[in-house]
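Structure first, then comments.
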Amino acid sequence: MADKKWVLQLCHGYSPPFGDVARQWHALFEGTDYRVLTVFLTGAPDSQIKSLVGGEVIFLGFDSKALRGLKIRQIQEIRNLHKQYQFKFAIAHRYKSIYIASHLPKIKVFGVSHAYDVYSRFLRRRYVMSQSDRLFLIGVSNAIRDDARAALPRFPARKIQTVYNHIDYDTMHDFLLTKEAAREYLQIEKDAFVVGNVGRLHPDKDQATLIAAFAKILPVVPDARLLIMGEGRLRGALERQIEALGVARQVELKGRVPNASRLFRAFDLFALSSDYEPFGMVLLEAMAAGIPVISSNCGGAPEVLGDAGLLFPVANSEALAQALLGIYGMGQEERRSMVEALQERLKGNFTDEAVRGAFWKQSFAGELC
């Protein structure tokens, strides 16, 4: 296998969204001379994940406890693979994978961060600095890139860059149900004005602000409905809020919905209310569905939407209510214009093809050859 130009993609695991993350990075090398071997440190072999990612996939099957400490066994496993494949360089997602991949001799490592504060710990900063001659750091948004730069002021800024998350637009577009079919599946009235939200019921997603904002618009839009897809530890608190506001007939917590993104056309608009959002993959899914999008102005969301969507201040239910009413009051032509702008932005910046082109134009691309 040494005659081929192999790239190691090392992932902690494939729990959502990281199975698709691995697919996204594999897609960046389509049409090139490189072949990608994707290795998942944790998780049992899974044929669906293997099919999703594409290319060669190996499941090492460690549990999370095994990744504590010095990770000697995992490092040895990856070194054995290196002897077999002779990797040209490595892509490593999240810090533990970065640490393991950096123990391969003499190859460059592209460490991808998907969250804030990855380098807030002193020992991590010290280790990363010790590897700065062959380590490149990638943020999935400029917000994550800048967070890493702030934490590592002595690390060369040119070696901390952004590579956006992205989607297979054609596949996702073909996957979508029609508005009528999606509403029938979700048992929603055909003529209701439906606000959609998808995400864990977690403080980071701040659905409480969305529910409060939605309650404010009901006197103006009595046929409005709010559907929240996702599960989490805040279900009880959100149910109590819904009861206290008297909106139990109009608000439904749907729980986990398999393949939720295929149902987005059931919504008249998508609203993301997070107060912590490193990127916002769900925004890309909503944009692909061809519906208006509102988001809190935090993290990577303004980079994703640009001027095409509507942004509101974090945790500001009044501003969110006004944004909801703004879209409700749009004429058909104004709504079409917004949707077209969102899809143009999606296709220009966040598809596999768009990010692949941008990736190979980055200043570090010359380091790969």
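The values are calculated or read from the model by the stated rules, or taken from the named source; none is laboratory data. The structure displayed is predicted, hence computed values, not measured ones. Every residue, glycine among them, receives a Cβ derived from its backbone with ideal geometry; neighbour counts consider all protein chains shown. These area figures cover heavy atoms from the full protein model, side chains too; ligands, DNA and RNA do not enter into them. Shrake-Rupley method; radii C 1.70, N 1.55, O 1.52, S 1.80 Å.
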Practice problem: Kindly establish whether Arg200 is of a type outside the set (A, V, I, L, M, F, W, C), in contact with a strand residue (DSSP E or B) (Cβ under 8 Å, 6 or more places away or on another chain) and free of Cβ contacts under 8 Å to residues at least 24 places away in the same chain. | Solution: no
Quiz item: Checking Arg356 against (1) in contact with a Gly (Cβ under 9 Å, 6 or more places away or on another chain); (2) under 19 Å from Asn197 (Cβ atoms); (3) open to solvent by 40 Å² or more (accessible area, probe 1.4 Å); (4) not polar (S, T, N, Q), which test does it fail?
Solution: (2)
Quiz item: Within the stretch 315-369, which residues are in a loop (DSSP other than H, G, I, E, B) and free of Cβ contacts under 8 Å to residues at least 12 places away in the same chain?
Solution: Gly329, Gly331, Cys369
Quiz item: Do we have Ala315 as surrounded by fewer than 17 Cβ atoms within 10 Å (Cβ to Cβ), within 20 Å of Gly230 (Cα to Cα) and either aliphatic (A, V, I, L, M) or in contact with a strand residue (DSSP E or B) (Cβ under 9 Å, 6 or more places away or on another chain) (or both) here?
Solution: yes
Self-check item: Output for the stretch 232-252, where each listed residue is touching a strand residue (DSSP E or B) at 6+ places or on another chain (Cβ under 6 Å) and part of a loop (DSSP other than H, G, I, E, B)
Solution: Gln250
Practice problem: Return the total of residues in the stretch 314-350 being out of contact with any Ser or Thr (no Cβ under 6 Å at 6 or more places or on another chain) and closer than 19 Å to Phe279 by Cβ. | Solution: 8
Quiz item: Take the residues of the stretch 296-314 that are of a type outside the set (S, T, N, Q) and outside any loop (DSSP other than H, G, I, E, B): which is farthest from Asn165 (Cα to Cα)?
Solution: Phe312
